[in-house]
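See below for the structure under consideration.
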Amino acid sequence: MSVSGNAVYDFSCFGVDENGKLSDDRYMVFYNQTESPSGEITYTPYANGAKFAVNLSKLPASIAKLVFTVSVDGSGTMGEISSHTAVIESGGEAMTMRLSGNDFENERAIISVEIYRKGDWRISAVASGFNGGLSELLRHYGGEEAPNPSVPSVKPVELGKGEKVSLAKPSDNSGEIVINLNWHRGNERKRLMTVFSKQNAAVDLDLGCLYEMKDGRKGSVQALGGNFGNLEGFPYMQLDSDDRTGDSEGGENLRVNGAKISSLKRILVYAFIYEGVANWRDADGVVTVKCPGSPDVIVRMDEYNTSEIMCAVAMLENVNDETLSVEKLIKFFSGHSDMDTYYNWGLRWVKGRK
């Protein structure tokens, strides 16, 4: 199941008994309960969507129907989506349902498809909605949404090149978004290969960003030149360290003030090799975006055939002044100026040192 749109969407599957009521809350599978008791249903998130793997033969007899839903987290309606696609695959055959915002109005949650028992298991394309969102949908089946659910560990979302996912809406008090760069990651073999390379110098991989505000102000945050930024004041983002070796367990972190998202337009996250050979394979860089209420979003720097020292890793963009989307880029450049020109930032660059 997937949705294309500007909001944050939640996907869920739950079991219903023959009376049309929620059978057992252990068979509600979604972002903070990713598996049913015996693994009959499992949930795997991906960019703007989710995959549910179901073993119908293992389901208890009390479950007469599986209901697959999509709901809007925060503001927005299903009438504003670009598209919704649900694909059911079984035994090498597939059924696809495609919908757009024209199929809805003010609904904030929909039943997408159902799988139900009638002798054998059958499939129904439902596409019916609830203006009251997930809470109203659950009440329809005799349940209710927990007001403050405890959120256990959630599997991270790993983006493919060009894929985009929206983060959950941060709160004013706990809305700090952390963009982490880690490299070498304790792999001593790779570290030695780099240290004893022909250049006889370890790679110094740096994290930085270009930012553009809603009011048109632009700039950069990076260790080079000492532009570490400011989390509480402009530009509402700050680099907290400069890992010169890759040995730091925490890597480098760029923190963004979630309470100031409405002031931001876009952030281009990049990494560049300040010293050492441009060997991205040995650097083994991974950028992770962490936001309260969202799975970690992982962007691997997994393209290596280049001698360029600068890599545009990810683009973060404002979504309805409430949250940020994350898109994987992985595009290489000879330096800051070339990257700036490609993404139309318009800054003036001079040589700097740390």
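The values are calculated or read from the model by the stated rules, or taken from the named source; none is laboratory data. Owing to the predicted nature of the structure, the values given are computational and were not obtained by experimental measurement. All Cβ positions, glycine included, derive from the backbone under ideal geometry; neighbour counts span all protein chains shown.
Numbers below:
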{"item": "Enumeration of residues in segment 212-227 that are in a loop (DSSP other than H, G, I, E, B) and within 15 Å of Tyr274 (Cα to Cα)", "result": "Ala223, Leu224, Gly225, Gly226"}
{"item": "Extreme residue, surrounded by the fewest Cβ atoms within 10 Å (Cβ to Cβ), among residues of segment 115-130 that are at pLDDT 90 or above and aliphatic (A, V, I, L, M)", "result": "Ile123"}
{"item": "Elements of type strands (runs of 3 or more DSSP E) contained in segment 267-354, each with 1 or more residues being in contact with a helix residue (DSSP H, G or I) (Cβ under 9 Å, 6 or more places away or on another chain) and among the aromatic types (Phe, Trp, Tyr)", "result": "323-333"}
{"item": "Single unsatisfied condition, Gly5 versus (1) more than 19 Å from the chain's Cα centre (by Cα); (2) modelled with pLDDT under 80; (3) of a type outside the set (Phe, Trp, Tyr)", "result": "(1)"}
{"item": "Enumerated strands (runs of 3 or more DSSP E) restricted to segment 63-114, each holding at least 2 residues that are at pLDDT 90 or above, assigned by TED's automatic domain parsing to the domain that holds Leu134 and farther than 15 Å from Ser2 by Cα", "result": "65-73"}
{"item": "Residue match in segment 118-128 (condition: out of contact with any strand residue (DSSP E or B) (no Cβ under 8 Å at 6 or more places or on another chain) and acidic (Asp, Glu))", "result": "yes"}
{"item": "Subset tally (residues that are free of Cβ contacts under 8 Å to residues at least 24 places away in the same chain and either under 30 Å from Ser82 (Cβ atoms) or in contact with a helix residue (DSSP H, G or I) (Cβ under 9 Å, 6 or more places away or on another chain) (or both)) for segment 34-59", "result": "7"}
{"item": "Criterion: surrounded by 14 or more Cβ atoms within 10 Å (Cβ to Cβ) and at positive phi - qualifying residue of Gly142, Gly133", "result": "Gly133"}
{"item": "Check on Asp25, charged (D, E, K, R), in contact (Cβ under 8 Å) with a residue 60 or more places away in the chain and more than 19 Å from Val126 (Cα to Cα)", "result": "yes"}
{"item": "Checklist (1) over 16 Å from Ser124 (Cα atoms); (2) modelled with pLDDT under 90 applied to Glu40, failing item", "result": "(2)"}
{"item": "Out of Leu347, Leu324, sole residue that is touching a residue at least 40 places away in the same chain (Cβ under 8 Å) and not assigned by TED's automatic domain parsing to the domain that holds Leu207", "result": "Leu347"}
{"item": "Qualifying positions in segment 280-310 - under 17 Å from the mean Cα position of the chain (by Cα) and closer than 11 Å to Lys331 by Cα", "result": "Met301"}
{"item": "Subset of segment 176-191 that is assigned to a loop (DSSP other than H, G, I, E, B) and either within 25 Å of Glu232 (Cα to Cα) or in contact with a Ser or Thr (Cβ under 9 Å, 6 or more places away or on another chain) (or both) - its residue that is modelled with the highest pLDDT", "result": "Glu176"}
{"item": "Filter result for the condition that a residue is modelled with pLDDT of 85 or more, under 30 Å from Ile309 (Cα atoms) and surrounded by fewer than 17 Cβ atoms within 10 Å (Cβ to Cβ), over Gly208, Gly160", "result": "Gly160"}
{"item": "Any chance Thr306 is within 30 Å of Ile81 (Cβ to Cβ), assigned by TED's automatic domain parsing to the domain that holds Lys218 and among the hydroxyl-bearing types (Ser, Thr, Tyr)", "result": "no"}
{"item": "Out of Asp73, Asp25, sole residue that is among the charged types (D, E, K, R) and closer than 20 Å to Ser325 by Cβ", "result": "Asp73"}
{"item": "Conditions (1) crowded, with 21+ Cβ neighbours inside 10 Å; (2) closer than 20 Å to Val165 by Cβ: number failed by Tyr27", "result": "(2)"}
{"item": "Filtered residues of segment 43-100 (kept if of a type in the set (Val, Ile, Thr), buried (at least 20 other Cβ atoms within 10 Å of the Cβ), more than 17 Å from Val165 (Cα to Cα) and within 27 Å of the chain's Cα centre (by Cα))", "result": "Val67, Thr69"}
